[in-house]
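As structure tokens, the structure follows; a few thoughts come after it.
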Amino acid sequence: MDASEREQYRAAIHGDREAFEMIIRAQSRTLFAIAYGILQNREEAEDVVQDSLIKAWKMRWRVRDPEKFPAWLCMIARHRAHDVFRRRRAVPFTHETIETNEPETTDTAAIDQRLHSALAALPELHRAALTLRYFEEMDYRTIENTLGLTNGALRGILGRALASLRKQLRPALASTD
Amino acid sequence: MATVHDDIDNWLAADLYGELSGEEQRQLHTHLVECAACRKTHQETKTMNKILEETLAQQKPDPNFEQRMLVGFRNRIPERSGLLRLLSDLMRMRAAQVTAIAAVLLGLVQLGRMITSETATSPAARDRYANEQLFERPSQVVGTLEPARPGALAKSDELAAGKPKDVVLAPPPPAASETRSEVERDSKAYPATVPPAQAAQAEMVAKEAGGEAVVMNSAAEPSSAETPAAEVANRKLIRNANVELEIISFDDSVQKIAALATEERGYVATTSSQKQANGKLRGEVIVKVLPENLDRFLQKIRGLGELKNQTLGTEDVTKAYFDTDARLKNARVMEQRLIDMLKTKTGKVADLLQVEKELNRVREDIEKMQGELKYWDSQVQFATVTISLAEKDLEEPAAFLIKERSQLALYAPDVEKIYNDIKALASSRSRGMQITNAQLNRDYSGRVSATISMLIAPEESDAVIARVKSFGRVENFQTQTERIAQGGSGMSENAKTKRDKVELNVTISREEQEQAFQQTSLRIRTSSVDEKAKDLRTVAEKQGGRVRSSTFSRDPDGRELANVWLRVPMKNYAALMQALDSLGKVENVTVQRQDRTGTQIDEANAPADISIQVYRQGNIVSHQSGPLATLRRTLAQSAGAIMWSARMIGVAIAFFAPWVIAIVAIVWIAKRVIRARR
């Protein structure tokens, strides 16, 4: 983190709206990636990002160290998304069953469907790491920082995530080959 | 390589995301070449990556995503007004919190100071105040210069008359005050009004001026001496003195004073004297002397006796004098004009009358002013000395009077008889004894008491008092003697001593009311209470005593109790106590004696009180005992305990119920709210 970024976070913590808006511009996509990874739904993810930003603004004075501001922002988003995800589980998930009953039209659609269900089977953290990787093309180190993981933990996580996906998608993969 | 094979998933993922170092890539590729299974997995992973990339690319946020987030943020958190935001932001910072607390504390301190009305003057204000004080001082110094002058005058007695003409002609001092310059002007305008009779005064003033000059000379240049001298040249000063002297003989002193007054060219104006009760004289002599001789006269007067007090005063009437003088001149001019008007006799009669009236008024004024001036002239011409004379030992008393006061308290069986006896005694000795106040009281309970006050001629007092004492038993007798000085105070060897009438106050009460000299209480245990109580009565009567009161009681358990109070004369007390022993077993004897020291008491006849309790121990079994009674008591107590606990439970319910209801209601509402939110 360079000095200008630090200064920006510090200003935002002290109530500088301009600085906070700059942070929104810079961090929204990261937050979206995390939220989408967990929720797998764009609308919900967008709402989560929005709510997280509002909450972050209201609670900004809780952050003492400007360095930790982005990680803190991501944590808010993760928790928020997790809350939303849990609440969704409580209500019966109907449209998914309907979707599965729909006749498969194309191969890609079928693969899409399978991929989604395979992703849904992964732990939240794995999904979030994957989306950060695919949406934002972040390297391992950045993802670890963003998700608050220890150094080197991501290597195993992504490896396991990919392996799990592979097992789930093996028939489809075979068909495409 | 076993590690690569085991960890192939991680290796492949890292390879896919470009996280492998050059060395690691080499290792992976070597393994892939060796291991067919891993190669297949590698292939699958690559395919899946492609699918993932394609699928997730669709889910990426659109380019307007950030803008939407920003707009949403701005909508939901509208910018607050500057002051409010500043305040809320400030409050979140620790430094600001500390400052706020400090400010509040400071405010409280200021409030406290306001309430206790403690004023804090700044040092600057104090300095300014001090400066003002300093600046005021010079003017005060100028003011005090004036009164200081008479002191200087006193020293100037022996100085010869200097150069009065020069003094009068001296130019007005430039620094003179408004009043003084006015005086100068007046004196120049009307030189004729200064009465020629004031030669002496002028001379004196000149001397004063000379004195002043000498005093000044010691400190300043001789040339400056004329300035203050001119100021006092035409002063009108009234001098007077008060002297208080203690002398041996009043008449001698008055003669000497008259001689001294003539010597100093003065005269005795008035003499007054007053004779005191002890034959000493006190008086006042007023002497008029020339002012310049006043001090010398006072010196001489002092030789007459002991000086008790002396005051010397000077009154400056210069301004008033010359004011009146000027007004007098104006009035004279006015008078002349009015007279001229009358002489011409033109105009109506009414106008003439008006002029006459005005002329009258003016003349009245003129006379008044002339009178005033004459009075002042006389006052200035002569100094007044008031000499108060008092002969020595003026306060010595003329005579002493010895007053005796006696208090006598009597006890008698028949108060009224003694009351009448004393009255009869007084009428038989009409010359030596006189009753001033007699009172016989009988209250609602039949108690009788009397008080008699009388005056007895001193020579007969002892006989009369002895006679009165013999009427009854003397409880108390007190005599008080007082020596009163008449016509003065203190001691005197010459004064006569006289005995005044003796005052005697007698209080007569019935014997019954007399406090017992000795009180005894005892118990007698016996089998037949009734009988013994009767016996007691006869025993007491045999010993010259009386039963004052008695009670008898019997309780349900058969215990009998009789209380008897007896009163016997002290001389028969021992005999009675012996007789009591024969009645039964005497227990718990306590004796209380009241020794009244310092009072004359007839001990043999003094009353002794004895309170006797005759009792019999009950021997009937109480109906409060036995198994049935115990059972009944137990049941009653347990019923009471149950009732008590029931009451307590009721109280507890009444206490807790509102809280329980409130808590249940809150929990219910909370549940509803949580459910509603889901």
Number of the exception - A:Ala110 against (1) modelled with pLDDT under 85; (2) within 9 Å of chain B (Cβ to nearest Cβ) = (2)
Considering only residues that are over 21 Å from A:Ala35 (Cα atoms) and at pLDDT below 85, look in segment A:120-165 and name the one that is nearest to the other protein chains (Cβ to nearest Cβ).
-> A:Gly152
Checking B:Ser388 against (1) at pLDDT 85 or above; (2) over 60 Å from the mean Cα position of the chain (by Cα), which test does it fail?
-> (2)
Is it true that some residue in segment A:65-86 is modelled with pLDDT of 80 or more, within 14 Å of chain B (Cβ to nearest Cβ) and surrounded by fewer than 16 Cβ atoms within 10 Å (Cβ to Cβ)?
-> yes
If we keep just the residues of segment A:43-64 that are in contact (Cβ under 8 Å) with a residue 40 or more places away in the chain and within 18 Å of A:Gln8 (Cβ to Cβ), which is surrounded by the most Cβ atoms within 10 Å (Cβ to Cβ)?
-> A:Arg60
Of residues in segment B:297-328 being crowded, with 16+ Cβ neighbours inside 10 Å and among the charged types (D, E, K, R), the one farthest from B:Gln255 (Cα to Cα) | B:Asp325
Among the residues of segment B:21-37, how many are surrounded by fewer than 19 Cβ atoms within 10 Å (Cβ to Cβ) and either within 15 Å of A:Gly159 (Cβ to Cβ) or in contact with a Lys or Arg (Cβ under 9 Å, 6 or more places away or on another chain) (or both)?
-> 2
Give me the pairs, please: first residue somewhere in segment B:533-557 and assigned by TED's automatic domain parsing to the domain that holds B:Ala606, second residue anywhere and of a type in the set (D, E, K, R) and in a loop (DSSP other than H, G, I, E, B), beta-carbon distance under 9 Å, and either six or more positions apart or on two chains.
-> B:Ser553/B:Arg559
When only residues in segment B:87-97 that are assigned to a helix (DSSP H, G or I) and facing another protein chain (nearest Cβ under 9 Å) count, which is modelled with the lowest pLDDT?
-> B:Asp89
What single numbered condition from (1) surrounded by fewer than 16 Cβ atoms within 10 Å (Cβ to Cβ); (2) charged (D, E, K, R); (3) touching a residue at least 40 places away in the same chain (Cβ under 8 Å) fails to hold for B:Glu404?
-> (1)
Determine whether segment B:61-84 contains at least one residue that is away from chain A (no Cβ under 12 Å) and among the hydrophobic types (A, V, I, L, M, F, W, C).
-> yes
Across segment A:17-64, what is the number of residues that are among the charged types (D, E, K, R), more than 10 Å from chain B (Cβ to nearest Cβ) and under 20 Å from the mean Cα position of the chain (by Cα)?
-> 3
Quickly run through segment B:13-45 and pick out the residues that are closer than 30 Å to A:Ala109 by Cβ and at the interface with chain A (Cβ under 10 Å from one of its Cβ atoms).
-> B:Ala13, B:Leu16, B:Tyr17, B:Thr41, B:Gln43, B:Glu44, B:Thr45
Conditions (1) under 50 Å from the mean Cα position of the chain (by Cα); (2) buried (at least 16 other Cβ atoms within 10 Å of the Cβ); number of the one not met by B:Val362 | (1)
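The values are calculated or read from the model by the stated rules, or taken from the named source; none is laboratory data. Note that the structure is a prediction, hence the values are computed from the model and not measured. Glycine also receives a Cβ, built like all others from the backbone with ideal geometry; neighbour counts cover every protein chain displayed.
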